[in-house]
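Read the structure below first, then the notes.
Read the figures in this text as sums done on the coordinates, not as results from a lab. None of these values were measured; they are calculated from a predicted model. Cβ placement follows ideal geometry from the backbone for every residue including glycine, while neighbour counts extend to all protein chains displayed.
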């Protein structure tokens, strides 16, 4: 029995700039609104964003979001909401869904939500920050036997750990010493991600005794830049990939949320029996999941 996707909601900065936390709150509220779910029904709230306002480390961003959406703010002895941050780069949102899936499968909760966002933490005090600011929220519930998320796989390859880095460095900036977020991406990072993703895709399908002919739709990471172009070189993937880079060039952790929403709004998701989620991130890391819709 796998978890079922109930809704997905997105958010991007408006005319007046909004930070990552504000975007996440808006996306989470919209997700609840779509399903008319009482926020107090949320048993688990996981935040997987990496680049947050002013590089906040504590408290967990998820707890701030929980408060703002009104999810069991005060423990009354009945229901409660467990909220925490989970960071796994570009694979974070799918990793968060895997965690929520485990809680749903155990019967401990009825609903769980994964929220994520990335935005320039301190505009004007970063170097190399190239991600498009965006947020996504996905609401999950307990599915039925043989449907929903059925199988996961995560793998890492340490040889490329320095190909994408984001570090706070004490350095001279505009004539003064400051803490500056420095993001660096190696030239061949996208190609390395695509290669590693394809390798793990083959292993993943083998574990399930499936081939690409059995996969109807692929919901992939939308970053790093060039990743999808490299991935499309594998012929049996090209027509099945959901690509939203025509609208948002380099969405980081929220990428699969935007791809999923595009697939849902165009009817591609509902029409697909077997959907593959395929994410990559720094490390290298690759995370995959199989989602099966009811006929």
- Item | Beta bridge orientation in segment 3-146: antiparallel %, DSSP, nearest 5 | 65
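For residue 80 and residue 235, calculate 0.36 nm times their separation in residues minus their Cα-Cα distance, and state this gained length in nm to one decimal.
On the way: separation 155, 0.36 × 155 = 55.80 nm, distance 4.73 nm.
Between residue 80 and residue 235, full extension yields 51.1 nm more.
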- Evaluate the relative contact order of segment 217-295 (contact order divided by residue number), counting alpha-carbon pairs under 8 angstrom at least 6 apart; express in whole percent. 34
- Return the calculated 222 nm mean residue ellipticity for the chain, to the nearest 500 deg cm²/dmol, obtained by summing -39500 (n - 2.57) across DSSP H runs with n ≥ 4 and dividing by the residue count. -8500 deg cm²/dmol
- Among DSSP beta bridges whose residues both lie in segment 178-295, state the antiparallel percentage, nearest 5. 60
- Task: Give the calculated FRET efficiency between residue 207 and residue 154 to the nearest 0.05, with a Förster radius of 22 Å applied to their Cβ-Cβ distance.
- Result: 0.95
- Item | Extension gain from residue 178 to residue 17, taking 0.36 nm per residue of separation minus the Cα-Cα distance | 55.6 nm
- Label-zone membership for segment 1-45, site residue 274, 7 angstrom Cα→C-beta point, backbone N under 20 Å: 1-5
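Find how much the distance from residue 106 to residue 34 grows on full extension, using 0.36 nm per residue of separation minus their present alpha carbon separation; answer in nm with one decimal.
On the way: separation 72, 0.36 × 72 = 25.92 nm, distance 2.57 nm.
So the chain would gain 23.4 nm between residue 106 and residue 34.
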